[in-house]
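Structure first, commentary second.
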Amino acid sequence: MLEQVIARWGALAVLLGAAVEGDATMILAGVMAHLGLLRIPTVFGAGALGGFASDLAWYALGRTQAATIRGSRLYLKALPTIGRFTRTLGAWEIGIARFVHGTRVASMLFWGAEGLPFWRFAAIDSLGCALWAAVLGAVGYTLNGSVEALVGQVRRVEIWFLVAAAGLFAVVFGIRLFLRRRAPKQGDRP
């Protein structure tokens with residue numbers, strides 16, 4: 001399914017895929033380039049641009065909602081760990097976060113909330129995204145003997161992702177419905 005979208009829509013599919021689910025998209029786009037369906041420079045460029053656009057959105061959310069984010073319990077709980085990591089690496093942590101599973105979004109929100117100047121964020125993140133796109137695109141490109149296995153694994157991940165998203169939607173919808181029914185009606189005593 002994902003490989004069909006990439007083959008049909010090319011660079012646009014890589015750009016959007018890298019923004020939403022980057023790692024699998026970049027590896028698969030590299031495989032597609034190896035098969036001759038995409039050009040490798042297109043894979044690298046569209047992937048880096050998609051990753052940067054996604055990071056920029058999280059950074060902007062951090063900037064615009066800084067007070068709310070800094071006041072959240074989750075942020076206050078994570079601050080000592082984030083602080084140690086950022087004291088060691090400084091703002092270069094932005095580029096490294098792409099390679100450390102589960103840290104990218106939190107990192108972009110953190111740097112936005114901390115007020116890192118945009119120009120500095122953009123410079124470091126664009127380098128990190130370019131390196132990330134090149135590494136994962138090249139990994140996919142060089143997996144010439146494992147293409148079928150990789151495509152099969154990506155299909156299974158897509159199915160699990162869709163099932164998980166549908167389940168999450170159902171849970172959130174159920175909780176909201178439950179809370180609405182339990183909320184006191186206007187005129188009822190609290």
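The values are calculated or read from the model by the stated rules, or taken from the named source; none is laboratory data. Just so we're clear, the structure is a prediction, and the values are computed from it rather than from any experiment. We place every Cβ from the backbone using ideal geometry, glycine too, and count neighbours over all the protein chains shown.
Taking only segment 96-118 into account, find how many residues are in contact with a helix residue (DSSP H, G or I) (Cβ under 7 Å, 6 or more places away or on another chain) and more than 18 Å from Ala60 (Cβ to Cβ).
Counting residues in segment 96-118 that are in contact with a helix residue (DSSP H, G or I) (Cβ under 7 Å, 6 or more places away or on another chain) and more than 18 Å from Ala60 (Cβ to Cβ) gives 3.
Restricted to segment 87-99, and to residues that are within 20 Å of the chain's Cα centre (by Cα) and in a helix (DSSP H, G or I), which residue is farthest from Leu131 (Cα to Cα)?
For segment 87-99, the residue satisfying everything is Ala91.
Yes or no, residue by residue, for (1) within 15 Å of Ala130 (Cβ to Cβ); (2) of a type in the set (Gly, Ala, Ser); (3) in contact (Cβ under 8 Å) with a residue 40 or more places away in the chain:
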| residue | (1), (2), (3) |
| --- | --- |
| Ala48 | yes, yes, yes |
| Phe52 | yes, no, yes |
| Trp58 | no, no, yes |
| Ala66 | no, yes, yes |
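If I go through segment 107-118 residue by residue, how many of them are surrounded by 16 or more Cβ atoms within 10 Å (Cβ to Cβ) and assigned to a helix (DSSP H, G or I)?
Matching residues across segment 107-118 total 7.
Here is a list of conditions, (1) polar (S, T, N, Q); (2) over 19 Å from the mean Cα position of the chain (by Cα); (3) surrounded by 13 or more Cβ atoms within 10 Å (Cβ to Cβ), and Thr81 meets all of them except one; can you say which number that is?
Evaluating Thr81 over (1) polar (S, T, N, Q); (2) over 19 Å from the mean Cα position of the chain (by Cα); (3) surrounded by 13 or more Cβ atoms within 10 Å (Cβ to Cβ) leaves (3) as the failure.
Which of the residues that make up segment 129-150 are surrounded by 16 or more Cβ atoms within 10 Å (Cβ to Cβ) and at pLDDT below 80?
Leu143, Val147, Leu150
Could you tell me whether any residue of segment 48-64 is basic (Lys, Arg) and crowded, with 16+ Cβ neighbours inside 10 Å?
Yes, because at least one residue in segment 48-64 is basic (Lys, Arg) and crowded, with 16+ Cβ neighbours inside 10 Å.
Report yes if Ala33 is in contact with a Gly (Cβ under 9 Å, 6 or more places away or on another chain) and surrounded by 18 or more Cβ atoms within 10 Å (Cβ to Cβ), otherwise no.
Spelling it out, Ala33 is indeed in contact with a Gly (Cβ under 9 Å, 6 or more places away or on another chain) and surrounded by 18 or more Cβ atoms within 10 Å (Cβ to Cβ).
Please tell me if Ser126 is at pLDDT 90 or above, in a helix (DSSP H, G or I) and surrounded by 14 or more Cβ atoms within 10 Å (Cβ to Cβ).
When the stated conditions are applied, Ser126 passes them.
Being of a type in the set (Lys, Arg) and modelled with pLDDT of 85 or more is the filter here; which residues of segment 1-50 pass it?
If the condition is that a residue be of a type in the set (Lys, Arg) and modelled with pLDDT of 85 or more, then Arg39 is the only one that fits.
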